[in-house]
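This report refers to the structure that appears directly beneath it.
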Amino acid sequence: MIRNSILIASLFLGTAFSFAQQYGGMWIPTEINEKEMKDLGMKISAKQIFDTNKPSIKDAVVQFNGGCTAEIISAKGLLLTNHHCGYGQIQAHSTVEKDYLSNGFWAKNMNEELPNPGVTVDFIVDIKEVTKEILAGTEGLKEAESKELIKKNSDAYIKSFNTESYQKIIVKPMYYGNKYYAFVVETFKDIRLVGAPPQSIGKFGSDTDNWVWPRHTGDFSMFRIYADKNNKPADYSKDNIPYTPKYFLPVSIIDKKENDFTFVYGFPGRTTEYLPSIAIEKIMTETDPARIEVRDVALKTLDEKMRTDAATRIQYASKYASVANYWKKWIGEVEGLKKSNAVDKKRAYEYQLSSKNPALKTTLSEMTQLYSEQSPFALNNAYYGEVIRNAETLSLANRFLNYMGAVENNKLDEKSLASFKSFLQGFYKDYNGELDAKVTAKLLALYAQKTPNRFLPSDFKESFSNVDKNISTIENWSKNSFITGRNNLGNYNITKDTETIFSDKKMLVEALAKDPFVLLMTQLRDAYVKNTDSQFVSLQLKIDELQKKYMAQLMETDKDRKFFPDANSTLRVTYGKVKGSNPRDAVEYNYQTHVAGIMEKYIPGDYEFDVPKKLINLYNAKDFGIYKDKTGDVPVAFTATNHTTGGNSGSPALDAYGNLVGLNFDRQWEGTMSDINYDPKLCRNIMVDTKYILFIIDKFADSKWLINEMKIVK
Ligand code: ARG
Ligand code: ASP
């Protein structure tokens, strides 16, 4: 007891996080810091986390539909992930009569579970380091030749396996290509929706509370994996049976305490923790602000309309949320990079290491030179990318341009045509051409104002710098263009008669060649490709080559530091402690929120902060069952120092014994720079408390049958 508290005190106070996780850490499960995890309180072994011979925790952790993480919590393949990860499926099953987004959905038994064609979950069966095999023969080769050989070696390595139809081998570079790892993956395809709370629980606080602590979102939904009669992956069939997992996670409803050990197991998407100071400076002062600026304009324009028109609000809700998500993240990221003195700290670190290893100094000065050279191209790349992404009509025109290119080059296959047509059907359902004409007009003006002439099509600056003029031009184009669906092509409308219009390729391509948006997009794209893209990319290739060298030099010079590879959507373990924070002067955040806080935020009828009647009743009656904690209320969410990123959503948060204690879904705003510069003082991951999840399933959804499947740890 005493020994432990001394250890904790020295870790978190005195020596200011002088443990490996001071830089964060997303560890490959076969290479975790078992000793440090145990020092911090872990009671299980590394083998229990990842074992290829015996069932281990990894057998309960899956990548959900390519982007999120999910975990198995029963012997019948019951799967837990975030509400925002299952959102598309919940939405797809919803109609006006059966509005599962608004009212929630709860299957009463397995027969009522809903299939989701196309949804997959991936298990990682094995991980092997294959650096030798992949880099064989590459020494001394030029970058381009080396790349080619690496590709050849990977293909040969992958081919050497006898895989089943449901298995695949993925080879991934780590440490910027200094190492390579192979992953054996098994994919299940019959994944059924089991339950989801209403949005007023699963998305409570919506965009206002997104990335924010204190948080009160019950961001969870439930699915089930189905398998064939032999428990193997199979396409959907009504004869499939619930999957019997090799392992599933016990669910703990024991109270949490500050400093409790936790680890998060999942599929973090992308981080860049080893960038040189110059790169961070460019992100902080140039590219992030450019991206934020474009989205500011898009979001304000959408918001004006969404506030006054309920139909638009529903139609654009999901799109708005997705644009706002990274907009808000980048704002937090810039703030956090400033606040954590990221650039100065990196510079000091580089200086210190360069004195030990002069070769590092050379690499860094070459990188500084390249980043400076790339800077104007990178800025244009950021503006161009964001303008096209957020001006929907332009990105639509861009897709039609791709289609025309494929037709002209005879490269249009059936599969990509079908996927383009199905994209269009989805697109037009949630597209408001009149509203987007405004967004497009404003973004074109911003692009004209912010971009040096040398990157623009000729006369573009003169023609498009004025917002009011753009609005009338673009509105006029939009009304008369058939790609917006506001005008017909002959007797047909692209939004309804897609098949007919695509059946006459020649006519379609001729009409597209005259469309004003397609014409403008052609000019913009040609200018971008000619003036920016080739320079941007060729400089980036040189930067990548140096980044690989820099990474290797860092690792050989800073011998005391334990390095982990940047996130790349592969399975990782991160660990830390349940912790509040002190992000600003005089501001102290507690590590835990409660249902009382939901009631404090409650705004009746509000689209973000409404609360379901039944939850209010349960709260008023204090009908909390076994799910209240020592305060007498049910805990809703909590924070810890685990280093997480996008893709970790839905990841299990586990306690010292490997029991599920929370469901990861977000980070605290002041620490969103953790993707570039993890700072243990400011960075916190946010998890839904398992007590709240079980409380909602049991008391709110009356779905005891699901609780009965689980192994509850009390
Ligand atoms: N910020 C979280 C993540 O990056 C949650 C996003 C979903 N919620 C939302 N309001 N957009 O994915
Ligand atoms: N919300 C993120 C996700 O969906 C997690 C994060 O960025 O912290 O993966």
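The values are calculated or read from the model by the stated rules, or taken from the named source; none is laboratory data. Owing to the predicted nature of the structure, the values given are computational and were not obtained by experimental measurement. Ideal geometry is used to build each Cβ from the backbone, glycine not excepted, and the neighbour counts take in all protein chains shown.
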When segment 304-322 is checked residue by residue, the ones that are within 16 Å of ligand 2 (Cβ to nearest atom), touching a residue at least 12 places away in the same chain (Cβ under 8 Å) and among the polar types (S, T, N, Q) are SER318
Scanning segment 386-426 residue by residue, those among the acidic types (Asp, Glu) and in a helix (DSSP H, G or I) turn out to be GLU386, GLU392, GLU408, GLU414
When segment 629-646 is checked residue by residue, the ones that are under 13 Å from ASP689 (Cβ atoms) and either within 15 Å of ligand 1 (Cβ to nearest atom) or touching a Cys at 6+ places or on another chain (Cβ under 7 Å) (or both) are ALA637, THR639
Every listed condition ((1) at pLDDT below 95; (2) within 11 Å of ligand 2 (Cβ to nearest atom)) holds for PRO680 save (2)
Counting only residues in segment 257-278 that are out of contact with any helix residue (DSSP H, G or I) (no Cβ under 9 Å at 6 or more places or on another chain) and in a strand (DSSP E or B), the one surrounded by the most Cβ atoms within 10 Å (Cβ to Cβ) is identified as GLY266
- Hey, any hits in segment 595-618 for a residue that's in contact with a Leu (Cβ under 9 Å, 6 or more places away or on another chain) and touching a residue at least 40 places away in the same chain (Cβ under 8 Å)? yes
The lone condition ILE241 fails out of (1) within 26 Å of ALA324 (Cα to Cα); (2) of a type in the set (A, V, I, L, M); (3) surrounded by 17 or more Cβ atoms within 10 Å (Cβ to Cβ) is (1)
Checklist entry - Residue check: is GLU608 at pLDDT below 95 and away from ligand 2 (no atom under 14 Å from the Cβ)? => result yes
Within segment 104-127, the residues that are among the acidic types (Asp, Glu) and buried (at least 16 other Cβ atoms within 10 Å of the Cβ) are GLU113, ASP122
Filter pass, LEU101 being over 18 Å from HIS643 (Cβ atoms), of a type in the set (A, V, I, L, M) and buried (at least 21 other Cβ atoms within 10 Å of the Cβ): yes
So the strands (runs of 3 or more DSSP E) completely within segment 55-134 holding 1 or more residues that are of a type in the set (Ser, Thr, Tyr) and within 16 Å of ligand 2 (Cβ to nearest atom) are 68-72, 78-81
- Message: Yes or no: segment 662-674 includes at least one residue that is surrounded by 24 or more Cβ atoms within 10 Å (Cβ to Cβ), more than 13 Å from ligand 2 (Cβ to nearest atom) and of a type in the set (A, V, I, L, M, F, W, C).
- Response: no
Exactly one of ILE693, ILE686 is touching a residue at least 60 places away in the same chain (Cβ under 8 Å), within 11 Å of ligand 2 (Cβ to nearest atom), out of contact with any Leu (no Cβ under 6 Å at 6 or more places or on another chain) and of a type in the set (A, V, I, L, M), and that residue is ILE686
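Listed here are the residues, each with its yes/no results for (1) of a type outside the set (S, T, N, Q); (2) under 16 Å from LYS514 (Cα atoms).
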site: LEU394; (1), (2): yes, yes
site: ASN402; (1), (2): no, yes
site: LEU443; (1), (2): yes, no
site: PHE455; (1), (2): yes, no
Residue check, LEU135 more than 16 Å from ligand 1 (Cβ to nearest atom), surrounded by 15 or more Cβ atoms within 10 Å (Cβ to Cβ), within 27 Å of TRP27 (Cβ to Cβ) and within 22 Å of the chain's Cα centre (by Cα)
no
Among the residues of segment 304-329, the number that are within 16 Å of ligand 1 (Cβ to nearest atom), at pLDDT below 95 and not polar (S, T, N, Q) is 8
Note on GLY332: of the conditions (1) touching a helix residue (DSSP H, G or I) at 6+ places or on another chain (Cβ under 7 Å); (2) more than 18 Å from LEU443 (Cβ to Cβ); (3) more than 14 Å from ligand 1 (Cβ to nearest atom), unmet is (3)
Counted residues in segment 637-661 being within 12 Å of ligand 2 (Cβ to nearest atom) and touching an Asp or Glu at 6+ places or on another chain (Cβ under 7 Å) come to 1
For segment 647-686, the count of residues that are within 12 Å of ligand 1 (Cβ to nearest atom) and closer than 16 Å to TYR265 by Cβ equals 8
The condition of being crowded, with 21+ Cβ neighbours inside 10 Å and of a type in the set (S, T, N, Q) holds, among ASN398, ASN402, ASN357, ASN380, only for ASN380
**Q.** Yes/no for SER165 being touching a strand residue (DSSP E or B) at 6+ places or on another chain (Cβ under 6 Å), among the small types (Gly, Ala, Ser) and farther than 22 Å from ASP51 by Cα
**A.** no
